[in-house]
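The structure appears right after this line, and notes come after that.
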Amino acid sequence: FRFKDSLAEDLRRADLVISHAGAGSCLETLEEGKPLIVVTNEKLMNNHQLELAKQLHRDGHVLYCNCSTLVETLQSMDLATLKPYPPGQPEKFALFLDKVVGFQ
């Protein structure tokens, strides 16, 4: 897609998502419970996308590759090995933040 207001409905209908490694794209897909292949951009400086992809892969939540290895990844993937991404717990962060700034 060149631009779309929301991908939520597309994510709900998807059997597999192939995405860049932006944090928002990764987390939205994983929170929807969809298998994800992350394609990293090796030309980015200070490549935080690669760091995120590697960590999510180490944790067992995604497969990752680059553009030149995407076909190979698709041919050899075993989506059954992926672990569900645990749901967020924003209330824990709010409690922590309250404690840090002295509201508790």
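The values are calculated or read from the model by the stated rules, or taken from the named source; none is laboratory data. All values derive from a computational prediction rather than experimental measurement. Neighbour counts run over all protein chains shown; Cβ positions are idealised from the backbone, glycine included. The accessibility values were calculated without ligands, DNA or RNA, using every heavy atom of the protein model including side chains. Shrake-Rupley method; radii C 1.70, N 1.55, O 1.52, S 1.80 Å.
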Subject >> Filtered residue count, region 63-96, keeping only those that are open to solvent by less than 80 Å² (accessible area, probe 1.4 Å) and either of a type in the set (A, V, I, L, M) or touching a residue at least 24 places away in the same chain (Cβ under 8 Å) (or both) >> reply: 13
Original post:
So, of the residues in region 9-62 that are open to solvent by 30 Å² or more (accessible area, probe 1.4 Å) and aliphatic (A, V, I, L, M), which turns out to be farthest from Asp78 (Cα to Cα)?
Top reply: Met45
Subject >> Number of the exception - Glu9 against (1) without any contact (Cβ under 8 Å) to a residue 12 or more places away in the chain; (2) closer than 16 Å to Cys65 by Cβ >> reply: (2)
